[in-house]
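Data block below; observations after.
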Amino acid sequence: MPMANKFIFMGLCLVSLLYSNAQQSGTECLQANAKSCGECIQAGPNCGWCTKVDFLQEGELTSARCDDLAALKSKGCPEDDIQNPRGSKEKLKDNPITNKMEGKLMNSSNITQIRPQQLNFELRPGELQTINVTFRRAEDYPIDLYYLMDLSFSMKDDLENVKSLGTALMEKMKNITSDFQIGFGSFVDKTVMPFISTAPAKLINPCTSQNCTSPFSYKNVLSLTSNGSHFNELVGKQKISGNLDSPEGGFDAIMQVAVCGEHIKWRNVTRLLVFSTDAGFHFAGDGILGGIVLPNDGKCHMEDNVYTMSHYYDYPSIAHLAQKLTENNIQTIFAVSEEFQPLYKELKNLIPKSAVGTLSSNSSNVIQLIIDSYNSLSSELILENSKLPEGVTINYKSFCKNGVIGTEENGRKCSNISIGDQVKFEISVTSHKCPKKNETIKIKPLGFNEEVEIHLQFICECDCQKLGTPDSPQCHFGNGTFECGACRCNEGRIGKECECSTEQVSSEDMDAQCREEDSSKICNNNGDCICGQCVCKKRENPKEFYSGKYCECDNFNCDRSNRLICGGNGVCTCRKCICFANFSGSACDCSEDNSTCMASNGRLCNERGTCDCGRCKCTDPKFYGQKCETFQSTLGVCMEHKECVQCRAFHKGEKQEGCDTQCSHFNLTLVDSRDELPQPGQEDALTLKECIEKDVDDCWFYYTYSINSSSEVHVHVVREPECPSGPDIVPIVAGVVAAIVLIGLALLLIWRLLMIIHDRREFAKFEQEKMNAKWDAGENPIYKSAVTTVVNPKYKGK
């Protein structure tokens, strides 16, 4: 073999050995095959990179620099040469939670209910960063309430009660907050067929029995104001309108209320939307009935406080509506009639921070409904985060009142929170990838304007990479950057020192060095050909690996026994089992220890067979068993010796005449009872068979058949057979006679009972017919009068 080929072969063997050891270590760091320090630290939070220039042994790949921190130290890498950057967290804004000052009106812009407010996270892939967030409901927190009312004809009675809602609600809300604003809007439906009648007269007055206002989609009647009297005044001027179908266009109105903040004049405080109706709703897709196919764009289209694009855009979908309400921190209260409670309760489950209340037939309970729903909404806190960057995950854990701890989805929320109650959340952020740019995520409690802003910076490179030398001569004539003790190759170059180009790697000359003779498979499909050498693939199980110059060997494709490779009695080397001492066979499942075949008499398989793989194979067909100790015949031991035992013990049977010649092969011993028969283990018997047979007189006799260690046969027989006694005739005859008599009496009784039943039925039938008979002599069919009357036909009565 040429010297160069010897060095290549030795190098590949060393690489295979090192790869095997690396896989057996089972660390995620080695399995990452990192080519640079940046790739290494992205493999896992426990991976480090050794920058020591002479760290690698001859034949080791660059990826061996990336390993578990303890493993790097054990391989001789000084701690100062290990790159292991860690993540960090910093609070940028952490204002304390606001406490209400007695007698002082609070400014909503200065109220703080959640802390910290702004943070900076440096995230290393796989490493967890955790922060504690505290929330406390502030006392006297300002509230904006917008009342959105269905003004279709069925809501006529409700409008009368809402006209005085402003001042009444203002008075009630003083118990909750001193800073309260109220607004009013109304809706009917889209102004196209078939939702409303487009007849000219109906466009002016859609009602038949009274004067109604023209139909419209949505109007902002009154922007948010603290003047309750002004609310009553404007609402008092409103008139009922009308439409054709039962569902209303409330979703169009809700969307405009959510996105038209400038028209509604929402403040950055608690925002409540009261949606009042006694009907269902149209949603996305229904607009096609009126020829409207464009999806709702989720933008504000208000001119002179009227929604102008209802005929152009379809109704919004529920998901779109929920998104806009959440984005604008609006909590919705559905005040609906009892008939539509089930429908709106299903809608509530799809819209975060919403509540459903039962509206009386004329809206007389609307104020109490609003207060109860507000208390219900404000007592529950739910944290929601903005869209996460790809590869970033977030986990929540809540610490609520009364020691209640929530995890997973329940970790986002706390319930039964009163004013002044403080709860905590543990928020953990993990990055599993390295995004291209820094990101920002926001976490906010639903229905509140405050939020926690977290700036994310990602650690994707090591500090040593900043000190790299581009086009370094250490990287094969400047084909790479020498950084962190190794070469990071330029595009198109690969190899430990960037000595190969990708074109060379894919050339036929290079591939030919990675194929066995007369084989078309590169590295036997178990590896990659890099610079003319096979680098074997790694397997998911770190204890399994490929090896060999052409990756032709492995340690997991050997024969198995008892589901174990090499039966657990050898080592799998290059797909063949190398057995431990005293084992042989393709799966090392053949034991060469003969002790398991040795009988108690010290003879191997009782000299009736051979010991093969620790088990006896009997050569005498009359014997079987673990050590060839059990005698067998085609008839069975008991049946085969039955006649000989009869003739020798009792002098009868078929073999009585030739008994001395045919039955002299065993020693006979007579005993008085069955208890005196030999038992297993009592004598020197390799086999012992207990027998019970019937003789020519139908008597049972008992005996045992045994073979001792000297192959002598002994038969022990009970002296007296057990013969069945004859039957007792008198009791049998008496029993038969008694049975016949009893059966006869029973049959007579049954016959007598049947006759009595028959007679009674006949008598009852007779009595019934007798009662039904009616006799009348005047109408006897055989009676004839004795007088005959003759009329003269010519007599005319003169």
Of all DSSP beta bridges having both residues in the chain, the percent classed as antiparallel (nearest 5) is 70
Report the label-to-label distance for Leu745 and Lys265 in nanometres (one decimal), using points 7 Å from each Cα along the Cα→Cβ vector. 11.4
Residue separation between Glu516 and Asp463 times 0.36 nm, minus their alpha-carbon distance, gives in nm 14.7 nm
Thr98: accessible area at probe 1.4 Å, nearest 10 Å²? 40
Starting from the 7 Å offset along Cα-to-Cβ, what nm value, one decimal, do you get for the label separation of Lys93 and Leu244? 5.3
Alpha carbon centre of the stretch 302-378 versus the stretch 65-90: separation in Å? 57
Return the distance in nm (one decimal) between the two label points of a simple spin-label model at Thr661 and Ile382, each offset 7 Å from Cα along Cα→Cβ. 10.7
Alpha carbon centre of the stretch 241-285 versus the stretch 199-233: separation in Å? 15
Need the full-extension length gain, Thr610 to Asn557, defined as separation in residues times 0.36 nm minus the C-alpha distance. One decimal, nm. 15.9 nm
Once phi is turned into ³J(HN,Hα) by the Karplus curve 6.51 cos²θ - 1.76 cosθ + 1.60 with θ = phi - 60°, what whole-Hz value does each residue of the stretch 547-557 show in order, with x for glycine and proline? 8, x, 4, 10, 6, 8, 10, 8, 10, 9, 10
Calculated from backbone phi, Karplus (6.51, -1.76, 1.60) coupling profile of the stretch 576-591 in Hz, x at Gly/Pro: 10, 7, 9, 7, 6, 4, 6, 10, 8, x, 5, 10, 6, 9, 10, 7
Kindly report, to the nearest 10 Å², the accessible surface of Leu677 as traced by a 1.4 Å probe over protein heavy atoms only. 20
From the list [x] 130, 82, 21; [y] 109, 30, 21; [z] 85, 74, 28, can you say which value of semi-axes √(5λ) of the Cα gyration tensor in Å was derived from the structure given? [z]
Quick one: Karplus J couplings for the stretch 42-50, per residue in order, coefficients 6.51, -1.76, 1.60, θ = phi - 60°, nearest Hz, x for Gly and Pro? 7, 6, x, x, 9, 8, x, 10, 8
Charge tally for neighbours of Cys414 with beta carbon under 14 Å away, counting Lys, Arg as +1 and Asp, Glu as -1, is +3
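Using only DSSP helix segments of four residues or longer, with each worth -39500 (n - 2.57), what per-residue ellipticity at 222 nm results for the chain after dividing by its residue count and rounding to 500?
Details: 19 runs with 187 residues, N = 798.
Calculated at 222 nm, the ellipticity per residue is -7000 deg cm²/dmol.
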Within the set of other residues whose C-beta is less than 13 Å from the C-beta of Tyr146, count the net charge using Lys and Arg as +1 and Asp and Glu as -1. +3
Under-5 Å amide H pairs with Phe583, H placed in peptide plane, nonlocal only: Glu592
May I ask you to compute the full-extension gain from Tyr624 to Asp593, defined as 0.36 nm times their residue separation minus their alpha-carbon distance, rounded to one decimal in nm? 9.1 nm
With a 1.4 Å probe and all protein chains left in place, how much accessible area per residue does the chain have, in Å²? 55
For Asp672, what accessible area in Å² do you get when you roll a 1.4 Å probe over the heavy atoms of the protein chains, rounding to the nearest 10? 100
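Kindly give Rg over Rh for the stretch 441-544, based on alpha-carbon atoms, with the Kirkwood expression for the hydrodynamic radius. Could the numbers behind the result be given before it?
Details: Rg = 22.6 Å, Rh = 17.6 Å.
Reported Rg/Rh (Cα atoms, Kirkwood Rh): 1.28.
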So for the stretch 121-214, using the alpha carbon gyration tensor with a ≥ b ≥ c as root eigenvalues (a/c under 1.5 gives rounded; past that, a/b versus b/c decides prolate or oblate), I'd call it oblate
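Below 13 angstrom from the Cβ of Asp297, what's the summed charge of the other residues (Lys, Arg +1; Asp, Glu -1)? Before the final figure, lay out each step's value.
Working: positive: Lys299, Lys324; negative: Asp252, Asp314.
It works out to a net charge of 0.
Mind giving me the FRET efficiency for Thr393 and His311? R0 is 30 Å, r the Cβ-Cβ distance, nearest 0.05 is fine. Numbers along the way, then the final one.
Numbers: r = 45 Å, r/R0 = 1.49.
Rounded to the nearest 0.05, the efficiency is 0.10.
Report in % the part of the accessible area of the stretch 358-445 that belongs to carbon and sulfur, leaving out ligands and nucleic acids; probe 1.4 Å.
Numbers: 2000 of 4580 Å².
Here it works out to 44 percent.
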Suppose R0 equals 45 Å; then what is the FRET efficiency for Gln210 and Lys172 from their Cβ-Cβ distance, rounded to the nearest 0.05? 0.90
Compute the distance from the alpha-carbon center of the stretch 450-500 to that of the stretch 698-757, in whole Å. 101
Over the stretch 372-497, what is the relative contact order in whole percent, taking alpha-carbon pairs under 8 Å and six or more residues apart? 19
Please list, ordered by chain and number, the residues whose modelled amide H lies under 5 Å from the amide H of Ala355; skip anything fewer than 5 residues away on the same chain. Thr332, Ile333, Phe334
Which entries in Lys174/Lys397; Lys543/Lys576; Lys219/Lys345; Lys91/Lys444; Lys239/Lys353 show an alpha-carbon gap greater than 24 Å? Lys174/Lys397; Lys219/Lys345; Lys239/Lys353
With a cut-off of 8 Å between alpha carbons and a minimum separation of six or more residues, what is the relative contact order of the chain in percent? 9
Around Gly280, which amide H atoms from residues at least 5 apart in sequence, or from another chain, sit under 5 Å from its own amide H, with H modelled in the peptide plane? Glu248
If you count, for each residue, the other Cβ atoms within 10 Å and average over each peptide, how do 40-48, 386-394 line up from highest to lowest? 40-48, 386-394
For the chain, what is the charge dipole size about the Cα centre, in debye to the nearest 20, if Lys and Arg each add +1 at the Cβ and Asp and Glu each add -1 at the Cβ? 3400
Sort Trp266, Trp751, Trp49, Trp700 by accessible area with a 1.4 Å probe, largest first. Trp751, Trp700, Trp266, Trp49
Within the stretch 177-194, find all residues whose amide N lies under 19 Å from a label point positioned 7 Å from the Cα of Ile419 along Cα-to-beta-carbon. 177-182
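The values are calculated or read from the model by the stated rules, or taken from the named source; none is laboratory data. Given the structure is predicted, the values throughout are model-derived calculations rather than measurements. In this analysis, Cβ positions are derived from the backbone assuming ideal geometry, glycine residues included, and neighbour counts consider all displayed protein chains. The protein model used for the area step is the full one, side chains on, heavy atoms only, and it has no ligands, DNA or RNA in it. Shrake-Rupley method; radii C 1.70, N 1.55, O 1.52, S 1.80 Å.
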